[in-house]
Amino acid sequence: MHRTHRHQASRALAAGALSLALLSAGSAGAFATEAKPKPSPSPSAMASITIKPSATSVNAGGSVTFTGRTQGLKVGWPLVLQHQKAGKWIPLKATTKTKNGSSYSLTAKLNTVGTEHLRVSAVGKKVYSPAVTVNVT
């Protein structure tokens with residue numbers, strides 16, 4: 001019986017050591033998982049631009065002023081007005097820079113008769129306002 005007792009004690013000790021090792025490894029894995037830094041969003045993902053045209057309909061050769069605010073762009077960041085042509089966004093000559101308070105204003109002369117789809121883009125970044133439509137007659 002003495003021998004059985006010793007055998008049971010060694011089995012219990014081995015099971016305890018194994019449990020402790022598994023628990024330690026599991027918690028170390030959990031700490032390793034928690035310790036990983038979350039990737040921070042790219043500046044472009046955090047940046048945004050709003051847009052509002054002064055008119056949604058204008059005669060050919062008339063001007064429309066676009067105003068809005070930016071978020072996540074530095075003061076002085078260059079912006080350009082783009083229009084969609086054959087599925088591609090083409091920059092126009094209307095440019096400006098963000099002002100204090102993150103606002104902007106730019107005026108464009110629209111000459112092409114038809115429906116113009118326009119947006120403002122941050123130069124050098126993949127940050128765009130939603131598209132707006134202006135009818136040119």
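The values are calculated or read from the model by the stated rules, or taken from the named source; none is laboratory data. Since we're looking at a predicted model, the values are computed, not measured. Every residue, glycine as well, gets a Cβ built from its backbone with ideal geometry; the counts of neighbours run over all protein chains shown. Just the protein is used for accessible areas: all its heavy atoms, side chains included, with ligands, DNA and RNA removed. Shrake-Rupley method; radii C 1.70, N 1.55, O 1.52, S 1.80 Å.
Remarks
- Taking the criterion of being open to solvent by 20 Å² or more (accessible area, probe 1.4 Å), within 13 Å of residue 72 (Cα to Cα) and assigned to a strand (DSSP E or B), the only residue of the stretch 113-137 that qualifies is 128.
- Taken over the stretch 109-137, the residue count meeting the criterion of being within 13 Å of residue 68 (Cβ to Cβ) and touching a Pro at 6+ places or on another chain (Cβ under 6 Å) is 1.
So that you can scan it fast, the table gives a plain yes or no per residue for (1) open to solvent by 70 Å² or more (accessible area, probe 1.4 Å); (2) free of Cβ contacts under 8 Å to residues at least 12 places away in the same chain; (3) within 14 Å of residue 58 (Cβ to Cβ):
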| site | (1), (2), (3) |
| --- | --- |
| 95 | yes, no, no |
| 99 | yes, no, no |
| 102 | no, no, no |
| 106 | no, no, no |
| 111 | yes, no, yes |
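- Residue count for the stretch 67-93, restricted to those that are part of a strand (DSSP E or B) and buried (at least 19 other Cβ atoms within 10 Å of the Cβ): 6.
- Within the stretch 27-75, the set of residues being at pLDDT 95 or above, of a type outside the set (A, V, I, L, M) and more than 30 Å from residue 100 (Cβ to Cβ) comprises 57, 59, 61.
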